[in-house]
Amino acid sequence: MDKKIALITGSSSGFGLLIALELAKNGFYVVATMRDQAKKRKLLDEAIALGIEKNIQIHELDVTLKTSIEKVPQLLKKLGRIDILINNAGYAAAGFAEDIHMDEYRRQFETNFFGAVAVTQACLPMMREQGKGTIINISSISGRMGFPGLSPYVASKHAIEGWSECLRLEMKPYGINVVLVEPGSYQTEIWTSGKQVSKKSLNPKSPYFEYMNRIERQLEKSEATFGDPKEVAELIVRILTQKKIHFRYPIGNGVKFVLFLRKCISWNLWETLFLKKLKN
């Protein structure tokens, strides 16, 4: 096959679906994976409408299941090679730390962090033998700073950031690039139907109930400024078609400014400004 082969996790919706379509439109051969193949219809319909269905094949892959991960090397063997891995599968768990059961934290990490590690381990032997490849981990601005009421999600993205730094340094001598894409707030299902808030924090009896509602109201007010997620898919294409690939790619309304500000001011000042904004 002359086309570069890209494997994407979490392709049934959101960034994953859009990245699959954008890559296929730009001449890549896409292996779109998802946990539930019953959700593949949207991707297929949009691919057919664009006339790019021949550039996409869909496979079931649950990044939290060992038996599912073990099928990845067999799939790669059939493909003959793997040029790009995009670790996108994930969801957002929310709530206040005291209210969140440890099992909820573990489920968050199983998908957002350990799932990415497991799929990467399944792809690395072939990439290493090829002497080339690109791994793109979809992180978040939440991987660079904290936010109240989102500690499971934020912690999992911080873990992705640290692991990706290590992986980048490990893989560079073998011709493999590791990249972090760090979106800000976008109009995807992860912040609507996809967000899983701890039941305790939604209970009026929770000591954090009012604070949680204040955060939710702030997020709702900000929705008008959320970006078009297609921007992230288009960024992925640019990354994969440019000669020099950088490590971090923050993207989204105000994201670069916020990261710059966070770097320049003290924690005390940052904390004061942040909490003041939540009161507005």
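Bear in mind these aren't lab numbers, they're just calculated from the coordinates by the rules spelled out. It should be emphasised that the depicted structure is a prediction, and the values quoted were computed from it without experimental measurement. So basically every Cβ, Gly included, is an ideal-geometry build from the backbone, and we count neighbours across all protein chains shown.
Using beta carbons and a limit of 8 Å, which pairs, at least six apart or on different chains, have the first residue in region 71-96 and more than 17 Å from R107 (Cα to Cα) and touching a residue at least 40 places away in the same chain (Cβ under 8 Å) and the second one buried (at least 16 other Cβ atoms within 10 Å of the Cβ) and aromatic (F, W, Y)?
I84/F28
Scanning region 248-277 for residues that are among the hydroxyl-bearing types (S, T, Y) and outside any helix (DSSP H, G or I), which turns out nearest to the chain's Cα centre (by Cα)?
Residue satisfying both the conditions and the ranking: Y249.
Across region 49-70, what is the total count of residues that are within 30 Å of E104 (Cα to Cα), surrounded by fewer than 16 Cβ atoms within 10 Å (Cβ to Cβ) and in contact with a strand residue (DSSP E or B) (Cβ under 9 Å, 6 or more places away or on another chain)?
Looking only at that region, the number is 1.
Examine region 109-118 for a residue that is crowded, with 19+ Cβ neighbours inside 10 Å and either farther than 24 Å from L17 by Cα or of a type in the set (S, T, N, Q) (or both), and state whether such a residue exists.
yes
Grab the helices (runs of 4 or more DSSP H) fully contained in region 197-247, keeping just those with 1 or more residues being of a type in the set (F, W, Y). Steps first, answer last, please.
Numbers: elements: 199-202, 209-222, 230-241.
Correct list: 209-222.
Which condition breaks for E46 when tested against (1) of a type in the set (D, E); (2) under 22 Å from V63 (Cβ atoms); (3) surrounded by 14 or more Cβ atoms within 10 Å (Cβ to Cβ)?
E46 satisfies every listed condition except (2).
Residue under question is M145, and the condition is that it be in contact (Cβ under 8 Å) with a residue 60 or more places away in the chain and either out of contact with any Ser or Thr (no Cβ under 8 Å at 6 or more places or on another chain) or outside any loop (DSSP other than H, G, I, E, B) (or both); does it hold?
Values: in contact (Cβ under 8 Å) with a residue 60 or more places away in the chain: yes; either out of contact with any Ser or Thr (no Cβ under 8 Å at 6 or more places or on another chain) or outside any loop (DSSP other than H, G, I, E, B) (or both): yes.
So M145 fits the description; yes.
Output yes when any residue across region 170-184 is crowded, with 18+ Cβ neighbours inside 10 Å, part of a helix (DSSP H, G or I) and hydrophobic (A, V, I, L, M, F, W, C), and no when none is. Give the derivation first.
Initial filter on region 170-184 (crowded, with 18+ Cβ neighbours inside 10 Å): 171, 176-184.
Adding the requirement that they be part of a helix (DSSP H, G or I) leaves 171.
If we keep only those that are hydrophobic (A, V, I, L, M, F, W, C) as well, we get 171.
Yes, region 170-184 contains a residue that is crowded, with 18+ Cβ neighbours inside 10 Å, part of a helix (DSSP H, G or I) and hydrophobic (A, V, I, L, M, F, W, C).
Return yes when E161 is farther than 25 Å from L235 by Cα, under 16 Å from the mean Cα position of the chain (by Cα), among the charged types (D, E, K, R) and not in a loop (DSSP other than H, G, I, E, B) and no when it is not.
Answer is no for this residue.
Of everything in region 9-34 that's more than 13 Å from A233 (Cβ to Cβ) and either among the aromatic types (F, W, Y) or surrounded by fewer than 20 Cβ atoms within 10 Å (Cβ to Cβ) (or both), which residue is nearest to the chain's Cα centre (by Cα)?
Result: Y29.
Scan region 248-280 for residues that are touching a residue at least 12 places away in the same chain (Cβ under 8 Å) and among the charged types (D, E, K, R) and jot them down.
R248, R262, K277, K279, listed by residue number.
Would you mind stating whether T272 is among the β-branched types (V, I, T), surrounded by fewer than 16 Cβ atoms within 10 Å (Cβ to Cβ) and over 19 Å from N88 (Cβ atoms)?
yes
For region 124-141, how many residues are surrounded by fewer than 22 Cβ atoms within 10 Å (Cβ to Cβ) and part of a helix (DSSP H, G or I)?
6
Where the second residue is hydrophobic (A, V, I, L, M, F, W, C) and the first is touching a residue at least 40 places away in the same chain (Cβ under 8 Å) and lies in region 213-225, which pairs have Cβ atoms under 8 Å and are six or more apart or on separate chains?
Listed pairs, sorted by first residue: R214/L278; I215/L278; Q218/L278.
Of a type in the set (A, V, I, L, M) and touching a residue at least 60 places away in the same chain (Cβ under 8 Å): does that describe L43?
Taking the combined requirement at face value, the residue does not satisfy it.
Within region 96-103, does at least one residue satisfy the condition of being surrounded by fewer than 18 Cβ atoms within 10 Å (Cβ to Cβ) and aliphatic (A, V, I, L, M)? Give the derivation first.
So the first thing to find is which residues in region 96-103 are surrounded by fewer than 18 Cβ atoms within 10 Å (Cβ to Cβ), and the list is 97-98, 101-103.
From what's left, aliphatic (A, V, I, L, M): 97, 102.
Within region 96-103, one or more residues are surrounded by fewer than 18 Cβ atoms within 10 Å (Cβ to Cβ) and aliphatic (A, V, I, L, M).
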